[in-house]
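Reviewing the structure listed below.
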Amino acid sequence: MTFTTSLKEEIANLDFNTLEDSYELIAFLNCVAKINNNEIIITFENAKVARRIYKQIKEIYHVSPKITVRIQKRFKVKQIYILSITDKVNLIKDSISVGTKIEVASLVSDEEKIAFIRGCFLAVGNVSNPSTSGYHLEFIFKKERLAKQVLSLLQYFNLSAKLIKRGYRTILYIKAADDISIMIRMFKATSSLFYFEDIRIYRDHKNMVNRLNNCEIANQEKTIKAGLEQLDKIKLLKDHDLFDLLDDKTQLVAEYREKNPDLSYQELADVISQETNYQIGKSGINHHFIKINNLLKKYEKR
């Protein structure tokens, strides 16, 4: 089962008041209902969503749609559920027409706005599984007008959504994980929200660990490179009988560097402080290598 399917099925099991159900149904019908003169046809791939919409139609319009189940064998075998409405068609068409005029200001409460978004998501929404891919939630609309209506509603809730055209369809999508999480919370899909947030925490932790590891590796490589360069300079001083020109403490630091070419300045300072009477810190180590560099520069100028 995909994450989209589990989310929609969780939503389909939730109970809302009649007004919210009305706006959810209006949005759903606007997205997918096919209207002929005397018949309204709605096609589903999800049995629980089909059951929810059937129940809403029956309770709100007092109509019992005809249900047909078909087996679709294209690509993969799956059941398709078809609701056919032949009673009170004009009444339902009028309700759908009202849905085409819905704007942010015409929906009084936040619950009504969320219900309209929820109905569209149940009809044409998809969300990627956060454990297998990036964060992505989208609505695939056939009607550009409807896409813009939902965009306005999402913007009302400060959700960052964008529209793109893909052929004859209009795609409304959200990429930000925070915004997707807020939307799932708005739908009151608690189990899906917990799953989504658990995956987010795991992925964020994994990414942080990877960044720290990469940073640590880069620092180690930098330390080793610096240590090898310093060994070359110490060897150059000794090969040209210049090493004895250094003061005793600088010679001590150089000798410990030869023994420990892979240590950082702080680690080298700790070793020297523990094994000798010379208490030194990271800046002190750096100061002694500046002396070594200055001596080499003087030699090179000769």
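What the table below lists for this structure:
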quantity	calculated
Under the Karplus curve 6.51 cos²θ - 1.76 cosθ + 1.60, θ = phi - 60°, whole-Hz ³J(HN,Hα) for the stretch 120-129, x wherever Gly or Pro sits	5, 5, 4, 7, 9, x, 9, 9, 6, 6
Candidate values (1) 106, 42, 37; (2) 102, 53, 32; (3) 64, 48, 39, label of the one derived for Cα extents along the principal axes in Å	(1)
Potential extension, I67-I164 segment - 0.36 nm per residue separation minus Cα distance	31.4 nm
Dimensions (Å) - the stretch 90-221, Cα atoms, principal axes, largest first	73, 34, 23
Degrees separating the helix 47-61 axis from the principal Cα axis of the chain, which is the longest one	50 degrees
Neighbour-count ranking [beta-carbon atoms within 10 angstrom, fewest first] of Y135, Y168	Y168, Y135
Pair-distance profile P(r), taking every C-alpha pair of the stretch 1-131, with 5 angstrom steps and integer %	2, 10, 20, 23, 20, 14, 7, 3, 1, 0
Between the stretch 76-152 and the stretch 230-264, the Cα center-to-center distance that results, in Å	74 Å
Neighbour-count order for V124, V108, fewest beta carbons within 10 angstrom listed first	V108, V124
Degrees separating the helix 3-12 axis from the principal Cα axis of the chain, which is the longest one	40 degrees
Nearest 10 degrees, 0 to 90: helix 177-186 Cα axis against the chain principal axis	30 degrees
Out-of-range pairs (alpha-carbon distance over 21 Å; input K93/K188; K235/K291; K78/K175; K55/K88)	K93/K188; K78/K175
Rg/Rg_ref, the stretch 176-280, where Rg_ref = 2.2 N^0.38 Å and atoms are Cα	1.97
Fluctuation leader among K148, K175, K249 - the chain, Gaussian network, Cα springs under 10 angstrom	K249
Packing-based exposure ordering (other Cβ within 10 Å, fewest first) of M183, M208	M208, M183
GNM flexibility winner over the chain from L246, L153, L212 (Cα, springs under 10 Å)	L246
Cβ-Cβ FRET estimate between K93 and D15, R0 fixed at 25 Å, reported to 0.05	0.40
Most mobile of F44, F28, F116 in a GNM of the chain (Cα contacts under 10 Å)	F44
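Quick note: the coordinates plus some simple rules give every number you see, no bench work behind them. Bear in mind that the values here come from a model prediction, so they are computed numbers and not experimental data. No Cβ is skipped: glycine too gets one built from the backbone with ideal geometry, and neighbour counts run over all protein chains shown.
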